[in-house]
Every structure is written in structure tokens, then in C-alpha cells.
Amino acid sequence: MTSTTDVWTGGRVSPRATCVLCPNTGMMTLDGTNTWVLREPGAGEVVVVDPGPPDESHLAEVLATAGQDGGRVALVLLTHHHADHTGSADRFAELTGAPVRGAGRGAPWQDGERLSVGGLDLDVLVTPGHTPDSVSFLLPADRLLLTGDTLLGRGSTIIPWPDGDVGRYLESLDRLAGLVRGGRARQVAPGHGPVLADPGAALAEAHAHRLRRLEEIRAVVDTGTTRLDDVVAAVYGPVEGHRLWASRSIVRSQLAYLGVDVGE
């Protein structure tokens, strides 16, 4: 698995996939949003996954990457509705004329459906949990799995309240792990952070981390503590700002999964 200290700058990761990294670094976005440019070698049509937030310079770089050797963006895909992935989708559609699908746009996803664009095949995997509309895409020719925010290149995914669903998230991790065990995926291309060269280990750790956190919260609740901020303080210690929001959101989702009535 990629070290958490590695510096991620994007670039080509497989014969058919290149990451254009958006410079929207932050606590929630890590190195920035990964915009994936996918193209069958020698083909003219290009698929772009998650064009990112409104950033004209980033979109210009995505267009330049897609336009190499006469490439043309033919389809834009969105892994989920969060603005750091979708904020520029309408603008990018204007620039390219390409249809956008995902996050409520275009036809609803059919789990297991295959998309074919310019000889490039992508399999759609409905993987809710981080959000209800989260999907992943498998690029079978490269055995590359694009996971959006379902699995990150470093750290753990937030399961935000009320959108997130811990139970469905664990099921999605199990499903992706099955693809890895079956040999269909050998790398993960996440929505943030570096490509994971050992996806089996990354998925197992993500699953184990979530179970450990659930046990920590369960132990706090068993002492009689159910007030949200008290549980947050017991599990995470003193936090503030965005970290406080994230911690409260995560704990609230996990308390819901445990069936605990939350006291504010």
C-alpha cells in the first residue's frame, strides 16, 4: 500500500488512465481532487471522471490532457455528488459538449452495467455508504478500480451524517475486496490521494478501522454516555473547526448504525 508520507502529484498510472490533480488541498481533500482522464490507446474519445470544483485553470489542464493527439471528451462521469468532485461539472459540459452522468445527472446507474466509449470499457459498481449515490468504476483492461471517496489514497473516508450509511459502506468495502480477491482489480485509483498498489490491504485496513472505531464508540456508550459532543470528546479528544464538524458527523453516523439515540 502507498505510504502515507508519499507526495502525490498525479500523472499517468496505467496505459489508459491519467490523473490531473486539482490544487484544492485541504483536510477533507488531502492533496486535492483527483480528476481521472481515461482513454483507450489510439482512440479519439476520452472519458473524464470527477472534473472537480470550479477552477478554470484545473479544467484547462484537464482539457489539455484529454486533447493530446486529437482527443475529445465524449463523456463525463461523477462518482458522487460532493462539490469537490462535481462543482465544475456544468461548466465542463459547456466547454466540451459532453454529456454528464452520475450524482443525479443522466440515467440512473444500473449496477454492473458496462460503459463503452471509443473502445474503452468501464464497469459500473454501485457502492453506497460515503453517500447514497456513490459509485465506483472498474477499468478491466488495466484492472484499475476508481473508487471516488469510498476508498482514499491515505487516511479514512468520512461517512457523514445524514448522507452516510455505515452498514452500506462496510458492504461496499466487502464488495470491492471481492473484486480484488478475484483478480479483477490490482490497483485503486481514489478520489483523493495516491494510487494504491495493494488494494487488498487498503480495503482490509479501511474495514478494520471502521470496526475499531465502532467498538470505541460502543465502549463509550456502554458507560452511559450518549450526548453527541461527549462521545466525540471521549473518542477523538479536543477538536475544533472542520475537525470538530467531521468528528461529530462521523460519530453521529456510527451511533445511528449502533442504534443509539443521540443526545445533543
Counting only other residues whose beta carbon sits under 10 Å from that of His130, what net charge do I get with K and R as +1, D and E as -1? -3
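If the only charges are +1 at each Lys and Arg Cβ and -1 at each Asp and Glu Cβ, what is the size of the charge dipole of the chain around the Cα centre, to the nearest 20 debye?
Value, rounded to 20: 500 debye.
Report, in debye and to the nearest 20, how large the dipole of segment 121-164 comes out about its Cα centre when Lys and Arg carry +1 and Asp and Glu carry -1 on their Cβ.
Details: 2 positive and 6 negative charges, 41 e Å.
Around 200 debye, computed over segment 121-164.
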According to the square roots a ≥ b ≥ c of the eigenvalues of the Cα gyration tensor, what is the shape class of the chain, taking rounded for a/c under 1.5, prolate for a/b larger than b/c otherwise, and oblate for the remainder? prolate
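Which percent, to the nearest 5, of DSSP beta bridges fully inside the chain are antiparallel? Intermediate values should be presented prior to the final figure.
Working: 26 of 38 bridges.
Just about 70 percent of them are antiparallel.
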If each part is reduced to its alpha-carbon centroid, segment 58-134 and segment 19-46 end up apart, in Å, by 11
Going residue by residue through segment 26-32, the Karplus relation 6.51 cos²θ - 1.76 cosθ + 1.60 with θ = phi - 60° gives ³J(HN,Hα) values, rounded to whole Hz and with x marking Gly or Pro, of x, 4, 8, 10, 6, 6, x
Starting from the 7 Å offset along Cα-to-Cβ, what nm value, one decimal, do you get for the label separation of Leu95 and Arg175? 3.1
When Lys and Arg each count +1 and Asp and Glu each count -1, what net charge do the other residues less than 12 Å away from Leu144, Cβ to Cβ, add up to? +2
Find out how many positive minus negative residues lie around Thr96, taking Lys and Arg as positive, Asp and Glu as negative, among other residues whose Cβ is under 12 Å from that of Thr96. -1
Under Karplus coefficients 6.51, -1.76 and 1.60, residue-wise ³J(HN,Hα) of segment 134-149 in Hz, glycine/proline x: 5, 10, 10, 10, 9, 9, x, 5, 9, 6, 10, 10, 8, 10, x, 9
Which listed residue (Pro194, Gly259, Ala246) has the Cα farthest towards the positive end of the charge dipole for segment 185-264, taking +1 on Lys and Arg C-beta and -1 on Asp and Glu C-beta about the Cα centre? Pro194
In whole Å, how far is the Cα centre of segment 135-184 from that of segment 186-239? 15
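FYI, it's all coordinate maths here, none of it is from the lab. These numbers come from a predicted model, not from an experiment. When we count neighbours, we look across all protein chains shown, and the Cβ atoms used for this are built from the backbone with ideal geometry, even at glycine.
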